[in-house]
Amino acid sequence: MLNLRGVFAPVVTTFGDRNEAVDLDAYATNLRAYAAAGLSGIVVCGSTGEAALLDEEERRSLIERTRRELPSDMLVIAGTGAESTRQCIQRCRVASDHGAHAVLVVAPHYYSSAMTPAALDAHYRRVAEESPLPVLLYNIPKYMHFALEPDLVARLATHENIVGMKDSAGDLTRLGGYIESQGDSFTVLTGHGGSFHQALGLGARGGILAVSLFAAELTLDIYASFLAGDVDASADAQRSVAPPAAEIVGRMGVAGVKAAMDRVGLKGGRVRSPLVALSAEDEARVDALLRDARVTAAV
């Protein structure tokens, strides 16, 4: 059984200044910082990792380097979602071959009108049957342009190789519907940093949080305080996290996260085209948000 509890970092992919090539040494620097901070694990090749802009060899190398750099007790979850079921399964096999513990599978969404509950059920069941690694569902309507319905999640949660899900929508009512399917063999994690404390209150067991990439200590404070029964301290930490989560992560996206990482001594760097760097106005806003949240260092 995987221990899907705590705070997980959905890491960025670092690129060099020449030819936008993946910079694995800079990437490894970030991994070591997250391990030192006490995070529960790493999600590689996710949305914040610009997975849609990576080729298959880059994905493989990132998973391999992640496993090599982290202590054995830190979970490695690899994003393997693809538009075809066949390619998703192949990515799951590659992730297994290179040391991942589980896979995070966003639903196919290019042909969104064809992604009926029956089609999604068939897709996820085939992936779960053929993946050598445990599967987590991934709900992110911002990019999918639809949401996984709670009744679909309830059916899929009964599959022995579907062990959990990440919900990044920030809709606490829908999250509560997902949590109704939670049990010994199925765990719900939030992907919405702006409501992490509230999600824990509903029963979520942790979070895969982009805000943890530059504010690990604050997100860990939310979780540890809640777990210790100090709900007020958890709520206080959440109030500090909410503005940067909403603006840096939610509005500015990957470029904002990378800029914030640079500010706290990590390796953020450039985004890969067609994504673009922040405006000067947003760069200044990142500084202000970090200052207001009292985030000054990565660890």
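Just so you know, all these numbers are worked out from the coordinates, no wet-lab data involved. From a predicted model like this one, the values you see are computed outputs, not experimental measurements. Note: ideal-geometry Cβ built from the backbone for every residue, glycine included; neighbour counts use all protein chains shown.
Taken over the stretch 208-299, the percentage of Cα pairs per 5 Å bin, counting from 0 up to the bin with the maximum distance, is 3, 16, 25, 24, 15, 9, 5, 2, 1.
Dividing the mean sequence gap of close Cα pairs (under 8 Å, 6+ apart) by how many residues the chain holds gives a relative contact order of 18 percent.
Between THR116 and ALA288, what FRET efficiency follows from the Cβ-Cβ distance if R0 is 35 Å, with the result rounded to 0.05? Before the final figure, lay out the partial values.
Numbers: r = 45 Å, r/R0 = 1.28.
Efficiency computed from Cβ-Cβ geometry: 0.20.
With the highest mean first, a sort of the peptides 152-163, 276-287, 168-179 on other beta-carbon atoms found within 10 angstrom per residue produces 168-179, 152-163, 276-287. Here the stretch 6-238 carries DSSP beta bridges of which approximately 5% are antiparallel, counting only pairs with both residues inside. Backbone phi angles across the stretch 45-51, fed through the Karplus curve with coefficients 6.51, -1.76 and 1.60 (θ = phi - 60°), yield HN-Hα couplings of 6, x, 4, 5, x, 6, 4 Hz in residue order; Gly and Pro are listed as x. If you bin all the Cα-Cα distances of the stretch 1-96 at 10 Å, starting from zero, the percentages per bin are 15, 50, 30, 4, 0.
For ARG291, neighbours were defined as the other residues whose beta-carbon sits under 12 Å from its Cβ, and their charges (Lys and Arg +1, Asp and Glu -1) total +1. Across every direction, the projection of the convex hull enclosing the Cα atoms of the chain has a mean area of 14.0 nm².
In a fully extended conformation the segment linking ASP184 and ALA235 would gain 15.7 nm over its present Cα-Cα distance, using 0.36 nm per residue. When Rg and Dmax are taken over the Cα atoms of the stretch 163-274, they come to 14.5, 45 Å.
So, counting K/R as plus one and D/E as minus one, what does the shell of residues with Cβ under 11 Å around TYR178 add up to? If you can, show how the numbers build up before the last one.
On the way: positive: LYS166, ARG174; negative: GLU149, ASP151, ASP167, ASP171, GLU180.
So the surrounding residues net to -3.
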